[in-house]
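Participant: The structure under discussion is supplied below as structure tokens; questions concerning it will follow.
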Amino acid sequence: GEPPSDDYVFDYLSKTWVLDLPHAKKLRWGAIKAARDAEEFGTFEWNSFTFDCDETSQRRIQGAVQLAALDTSTVMDWTLADNTSQTFNATELQQIGQALGAHVNACHVKARGLREQINAAESEAELSVISW
């Protein structure tokens with residue numbers, strides 16, 4: 001017959017499908033990493049404004065933060081995730097950069113915690129409750 005899921009391999013000695021726990025853990029970690037990346041590179045909020053957070057947007061924010069650090073009189077119009085525009089001064093740009101850093105860090109902290117749970121799991125049931 002068919003395996004119960006992709007996490008099973010056929011054991012010819014017992015003639016049954018058995019859980020391949022290392023493979024199941026690898027698949028679960030892959031799903032967690034994909035969810036982490038989706039959140040990390042999606043959007044983040046600062047002061048009720050929502051910013052794009054894809055790799056290009058992160059580089060642009062980092063550049064704006066560097067400029068603001070070099071020139072405290074910097075003022076920039078920024079296009080937000082909803083395509084509206086907002087003007088930010090140097091202090092605000094630095095705060096936006098800090099919020100970006102906190103957002104990225106929070107995604108990775110959460111993923112590391114979930115990876116620890118995956119590594120500690122000893123059954124399919126334990127793995128099945130681990131999700132983003």
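The values are calculated or read from the model by the stated rules, or taken from the named source; none is laboratory data. Predicted, not measured: the structure shown is a model, and the values here were computed from it. Backbone-built Cβ (ideal geometry, glycine too); neighbour counts: all protein chains shown. When the accessible area is computed, the model is the full protein with side chains, heavy atoms only, and any ligands, DNA or RNA have been set aside. Shrake-Rupley method; radii C 1.70, N 1.55, O 1.52, S 1.80 Å.
Participant: Could you give the angle, 0 to 90 degrees to the nearest 10, between helix 55-70's Cα long axis and the longest principal axis of the Cα atoms of the chain?
Facilitator: Helix 55-70 and the main axis of the chain meet at about 40 degrees.
Participant: Place a +1 charge on the Cβ of each Lys and Arg in the chain and a -1 charge on the Cβ of each Asp and Glu, then give the dipole magnitude about the Cα centre in debye, rounded to the nearest 20.
Facilitator: It comes to approximately 320 debye.
Participant: Excluding residues fewer than 8 places away in the same chain, name every one of the aspartates and glutamates whose C-alpha is closer than 16 Å to that of Lys26.
Facilitator: Asp6, Asp7, Glu116, Glu122, Glu124, Glu126
Participant: Add +1 for every Lys or Arg and -1 for every Asp or Glu among the other residues with Cβ under 15 Å from the Cβ of Asn47, and state the total.
Facilitator: Summing Lys and Arg as +1 and Asp and Glu as -1 gives -3.
Participant: Please give the per residue accessible area of segment 9-132, computed with a probe of 1.4 Å over protein heavy atoms only, in Å².
Facilitator: Accessible surface, normalised per residue, equals 62 Å².
Participant: Okay, next question. Projecting each Cα onto the charge dipole of segment 1-48 (Lys/Arg +1, Asp/Glu -1 at the beta carbon, about the Cα centre), which of Leu19, Trp46, Ala34 comes out farthest on the positive side?
Facilitator: Going by the Cα projections, it comes out as Leu19.
Participant: In whole percent, how big is the carbon plus sulfur part of the accessible area of segment 1-110, probe 1.4 Å, protein atoms only?
Facilitator: Answer for segment 1-110 is 51 percent, counting heavy atoms of protein chains only.
Participant: Which of (1) 74, 26, 21; (2) 42, 29, 25; (3) 41, 32, 25 is the computed Cα extents along the principal axes in Å for the structure on display?
Facilitator: Calculated Cα extents along the principal axes in Å: the matching label is (1).
Participant: Right, another one. Count neighbours as other Cβ atoms within 10 Å of each site's Cβ, and list the GluC sites (Glu not before Pro) in segment 33-132 that are DSSP loop with at most 16 such neighbours.
Facilitator: Listed in order of number, the matching sites are Glu122.
Participant: Can you give me the solvent accessible area of Leu80 with a 1.4 Å probe, rounded to the nearest 10 Å²?
Facilitator: The accessible area of Leu80 comes to roughly 10 Å².
Participant: Calculate how steeply helix 21-40 sits against the longest principal axis of the alpha-carbon atoms of the chain, using the helix alpha-carbon long axis, and give the answer as 0 to 90 degrees to the nearest 10.
Facilitator: For 21-40 against the chain, the angle is about 20 degrees.
Participant: Same structure, new question: What chymotrypsin sites (Phe, Trp or Tyr not before Pro) does segment 1-92 have in DSSP loop regions with at most 13 other beta carbons within 10 Å?
Facilitator: Of the chymotrypsin sites (Phe, Trp or Tyr not before Pro), the ones in loops of segment 1-92 whose Cβ has at most 13 other Cβ atoms within 10 Å are Tyr12.
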